[in-house]
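First the structure, in the form of structure tokens, and then the observations on it.
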Amino acid sequence: MLRPPIKHCRQCGTPVQYRIPDDGDTRERAVCPACGTIHYVNPLLVVGTVPYLGERVLLCQRAIEPRWGKWTLPAGFMELDESMAQGAARETAEEAGAQIEMGPFFSAMSIPRIGQVHVFYLARLLSEHFDPGPESAQVHLFTEDEVPWDELAFTAVRRTLECFFADRRRGQFGVHDFDIA
Ligand code: ZN
């Protein structure tokens, strides 16, 4: 789902009008009739990891909406003061409490329908001790056969896991970039 539309100017609180700005822009934006502020809304970046130990991958069972009870890779919205890899490592610590060694960039998925881009890094697990955060009901290591493929929270997670296990069988990890309708 896309974010709810802007109703009031972030600068002065006046109700905004939706129109194409006069500066050569081609899209309708929320424009403030009082102070002239144009509110641009751009895609959000979700950053996460594929934490693995041998042939097993760590998944978190969500204890929050959306997709409560479904399984996911640790990931969340990138913050303003961090790099993609830093955000991915932070989310992995927050949601799984996992000890990891960050690896290379692995996958990027554009999801225009919801205005998000999801990116994942490989991360080698350094121990099997986990400490799930409040957003996770539990964390667990799964082989490819054990992954709850029908209980995954997001298409981006499923596609990333498919790439991970395919690359692992091939003996070489690549970089994957695709669009999700
Ligand atoms: Zn304003």
Of the residues 25, 131, 167, which exhibits the maximal mean-square fluctuation in a Gaussian network model of the chain defined by a 10 Å Cα contact cut-off? 25
For the chain, modelled as a Gaussian network with Cα springs under 10 Å, which listed residue fluctuates most, 113, 158, 90? 113
In order over the range 134-140: 3J(HN,Hα) from phi, Karplus 6.51/-1.76/1.60, θ = phi - 60°, whole Hz, x for each Gly or Pro, gives x, 7, 10, 6, 6, 10, 8
Among 39, 21, 6, pick out the residue whose Cα is farthest towards the positive end of the charge dipole of the range 1-41, where Lys and Arg carry +1 and Asp and Glu carry -1 on C-beta, about the Cα centre. 6
In degrees between 0 and 90, to the nearest 10, how far off the longest principal axis of the chain does helix 84-96 point, with axes built from Cα atoms? 60
In whole Hz, what ³J(HN,Hα) sequence does the range 72-81 give by Karplus (6.51, -1.76, 1.60; θ = phi - 60°), x for Gly and Pro? 8, 7, x, 6, x, 5, 5, 8, 5, 9
Taking each pair of distinct Cα atoms in the range 96-136 once, what is the resulting Kirkwood hydrodynamic radius in Å? 12.2
Share of Cα-Cα pairs in the range 7-119 beyond 16 Å, in percent? 69
At q = 0.24 Å⁻¹, what base-10 log of I(q)/I(0) does the Debye formula yield for the range 1-41 when every alpha carbon is treated as an equal point scatterer in vacuo? -0.76
Go through the range 15-31 residue by residue and turn each phi into a ³J(HN,Hα) via Karplus (6.51, -1.76, 1.60, θ = phi - 60°); whole Hz please, and just put x for glycine and proline. x, 7, 10, 9, 7, 7, x, 7, 9, x, 4, 10, 10, 6, 10, 7, 10
quick shape note, the range 137-180: Cα extents on principal axes in Å, largest first -> 31, 25, 15
Amide H contacts of residue 99 (H built 1.01 Å from N, under 5 Å, at least 5 apart or other chain): 126, 127
Quick check: net charge around residue 51, other residues with Cβ under 14 Å of its Cβ, Lys/Arg +1 and Asp/Glu -1? -3
Which angle from 0 to 90°, rounded to the nearest 10, does the C-alpha axis of helix 155-170 make with the longest principal axis of the chain? 40
Average projected area [Cα convex hull, the range 44-179], square nanometres: 7.6
Amide H partners (placed H, <5 Å) of residue 14, local residues excluded: 9
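Read-outs throughout are calculated quantities, based only on the coordinates presented, and are distinct from any laboratory measurement. Fair warning: this is a prediction, and the values are worked out from it, not measured in the lab. Glycine gets a Cβ as well: all are built from the backbone with ideal geometry, and neighbour counts include every protein chain shown.
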